[in-house]
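*Asks:* The structure is given below, and queries will be raised subsequently.
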Protein chains: 2
Amino acid sequence: MTSNRDPASMLRDSSCQARVLNASDNHATFLFEQGEVSSLLKLTILPFRQRLLSQISSNNSEGGETARIIKLLQHYDFHLSSESGAEYSYYNATPRTGLWNSFLTTLTSFVGITSSPDFGPLQCEFIYPASDRQIQRASPSPSSRLIHETPELYRHVTEPYIQELKQSGSLSWIDNVLSGEKEKERCLLDTQHFLVNVDTKWRSHPDPKTTSREVWYQHEAVDDLYCLAILKDKNVSSLRDLRGSHLAMLKELLDVCPKVIEKTYGISPDMIRCFFHYQPQFYQAHIHFTRIHNEIGAQVERGHLVHDVIQNLEMDPDYYAKRTITYALRITDPLYHRIDVFQSSKASQAA
Amino acid sequence: MTSNRDPASMLRDSSCQARVLNASDNHATFLFEQGEVSSLLKLTILPFRQRLLSQISSNNSEGGETARIIKLLQHYDFHLSSESGAEYSYYNATPRTGLWNSFLTTLTSFVGITSSPDFGPLQCEFIYPASDRQIQRASPSPSSRLIHETPELYRHVTEPYIQELKQSGSLSWIDNVLSGEKEKERCLLDTQHFLVNVDTKWRSHPDPKTTSREVWYQHEAVDDLYCLAILKDKNVSSLRDLRGSHLAMLKELLDVCPKVIEKTYGISPDMIRCFFHYQPQFYQAHIHFTRIHNEIGAQVERGHLVHDVIQNLEMDPDYYAKRTITYALRITDPLYHRIDVFQSSKASQAA
């Protein structure tokens, strides 16, 4: 159905519906729907000026918003490119050379601003086709709740949920990355137990396909450093599955990864935090490496420092099997719904 | 020396020197020095437009910056107010009614911007007199490093540092808060072992002196909720000092505090994270209560969830005596310097 389409041609289809899904201070996300297919366009301008987008979306009479957004974007023939892991459905979109300024002029005049704002760097990204989970993640979600996940809750709800997700094939892209078929140009280290990649979220990184690694060393982009170590053992979906038997591997990882990052980028290990997410974004255990001044995704109710994980497993090899782990979930998350149903049913049984 | 002065009159003294210490996207901090006395003025405008301030400070020929800043600020007769904990030296400063707009017009014309920016809310705060530590905290510090604090490092460096700070009298303001002499109007709960206050960092909170508590309930400011539980036991300086013997008190605290917050503000416990900082800002153990969508100060290398602290002490009553604790320190922090000296001396002994 989608094989001969791309997100830019979808935009030009007369039946395409568009709306502003989310507009924060530095990015806006548009949702496009055409028949059964959805696509997301994330536009990042620093500083973005939320005002621009809220003015587009404030005129949201039926059909009116679509017309305005489509009119704004249709003039532009986006050049699409994609990381080699194209199965993510992520595309970088660049208006053909020279068109960014005209795009911005159109955008500002469109919302009735006459002065020319002083825009910073721009990024434009398509996700096509976009899954329900991707749309949900891109939607504004003012409401999250803390979950205290006991081993029992994990066993009855979270673990079956993870198994379903894995069986649905949502991790097939990782097989390609782990086998070296995809993203080889992003790989910093490949060992028996894990590999270390430049995370695709590190957008300011010099193009791994076209720049030599000497250029990466102390490049200004290292300010945004974001690397990822992915464990190869398919039985370790997340932090929950770690046991004392993984200690040697974790210690090796904590020893060698920061060294590889230092050698590649010139950033010393004491400037980098190494941590798991729980819940993670995908269920093949992985470790984030970020600069300590960069706080994205590093909240205490989500992050678990590898230094701490090692000490915990040394204290008790079954530490993560026994613990109640606290994390925040959006109330629109499918896992949140399942937990809510389970806990309500337990409460009514107890009553 | 400073008894008959205030930060606004200091500004009007001809010998006062001024410079921009820090200008981020939402606030700027000015440092004023006059003789031996220093004062900080923190100006918050959302969105701030760093550009405005960098243009003031770019003209930093000797004396020129002082003249520009003083000229900008001297027109305004700030009305000073202070939380009852005035021993912090924190003052809220408001230009007399009607002057904010004129202040902004002056500010923008001053830096050569002709259009009238669309400013959000404004806050102006003086710290006077400002200690070296306060100035250091307000200074830009692009560089922090991760410290892995072993029990040995704590015993030899951190603990003596904390004792010195405490003996210098830096905690006398807490005695006044704990005794109920100060900030009584901010107190939500006072028990044998701890009290719960509205944190003074919660700037959007309706004035505790003049608004009734019914007004606080589901006030729009609860979006920024920030409360603080302070332990009364003077022997517990920080997370490091917690032992199994504190478990009952911590469980009581985790039981009653979220209920008091819910009763006062209408926010349910599963929307609030409860956590220690290590290192903390001051060394009388205290717990932060913030909304989970508000990520300020909640980084994984700084925050320790009370839910986790309780489980850790249940596993081992001496957990925090035995652990290596990881945290980030600015390289300008006096504690960082002491740790660096200690580790260098150990390394040279080992060599």
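The values are calculated or read from the model by the stated rules, or taken from the named source; none is laboratory data. Bear in mind the structure is a predicted one, so any value in this text is a computation, not a measurement. Positions of Cβ are backbone-derived with ideal geometry, glycine not excepted, and every protein chain shown enters the neighbour counts. Side chains are part of the model used for accessible areas, which takes the heavy atoms of the whole protein and leaves out ligands, DNA and RNA. Shrake-Rupley method; radii C 1.70, N 1.55, O 1.52, S 1.80 Å.
*Asks:* Would you mind stating whether residue B:197 is polar (S, T, N, Q) and touching a Gly at 6+ places or on another chain (Cβ under 9 Å)?
*Replies:* no
*Asks:* Against the conditions (1) closer than 30 Å to residue B:169 by Cα; (2) touching a residue at least 60 places away in the same chain (Cβ under 8 Å); (3) open to solvent by 40 Å² or more (accessible area, probe 1.4 Å), where does residue B:320 fall short? Just the number, please.
*Replies:* (3)
*Asks:* Hey, does the stretch A:292-306 have a residue that's touching a residue at least 40 places away in the same chain (Cβ under 8 Å), within 11 Å of chain B (Cβ to nearest Cβ), surrounded by 18 or more Cβ atoms within 10 Å (Cβ to Cβ) and not in a strand (DSSP E or B)?
*Replies:* Yes; the residues of the stretch A:292-306 include at least one that is touching a residue at least 40 places away in the same chain (Cβ under 8 Å), within 11 Å of chain B (Cβ to nearest Cβ), surrounded by 18 or more Cβ atoms within 10 Å (Cβ to Cβ) and not in a strand (DSSP E or B).
*Asks:* Here is a further query. What number of residues within the stretch A:145-175 satisfy the criterion of being farther than 30 Å from residue B:290 by Cα, open to solvent by 20 Å² or more (accessible area, probe 1.4 Å) and touching a Leu at 6+ places or on another chain (Cβ under 9 Å)?
*Replies:* 1
*Asks:* Can you tell me which residue is nearest to the other protein chains (Cβ to nearest Cβ) among those in the stretch A:280-291 that are surrounded by 19 or more Cβ atoms within 10 Å (Cβ to Cβ) and among the polar types (S, T, N, Q)?
*Replies:* Here the answer is A:290.
*Asks:* So the check is Cβ under 7 Å with 6+ separation or different chains; which pairs have a first residue in the stretch A:324-351 that's facing chain B (nearest Cβ under 10 Å) and modelled with pLDDT of 95 or more and a second one that's loosely packed, with under 15 Cβ neighbours inside 10 Å and assigned to a strand (DSSP E or B)?
*Replies:* A:324/A:148; A:326/A:148
*Asks:* Let me ask something else about it. State all residues of the stretch B:278-292 that are of a type outside the set (Phe, Trp, Tyr) and in contact with a Phe, Trp or Tyr (Cβ under 9 Å, 6 or more places away or on another chain); if no residue qualifies, say none.
*Replies:* Matches in the stretch B:278-292: B:279, B:285, B:286, B:287, B:288, B:290, B:291.
*Asks:* In the set B:267, B:310, which member is at pLDDT below 95 and either open to solvent by 10 Å² or more (accessible area, probe 1.4 Å) or more than 13 Å from every other protein chain (Cβ to nearest Cβ) (or both)?
*Replies:* None of the others qualify; the one that does is B:267.
*Asks:* Please verify whether residue A:260 is in the same structural domain as residue A:335 (by TED's automatic domain parsing), open to solvent by 10 Å² or more (accessible area, probe 1.4 Å), touching a strand residue (DSSP E or B) at 6+ places or on another chain (Cβ under 6 Å) and under 28 Å from residue A:172 (Cβ atoms), treating the condition exactly as stated.
*Replies:* Taking the combined requirement at face value, the residue satisfies it.
*Asks:* Looking at this structure, is residue A:241 open to solvent by less than 60 Å² (accessible area, probe 1.4 Å), out of contact with any strand residue (DSSP E or B) (no Cβ under 9 Å at 6 or more places or on another chain), charged (D, E, K, R) and closer than 18 Å to residue A:281 by Cβ?
*Replies:* Yes; evaluated as a whole, the condition is true for this residue.
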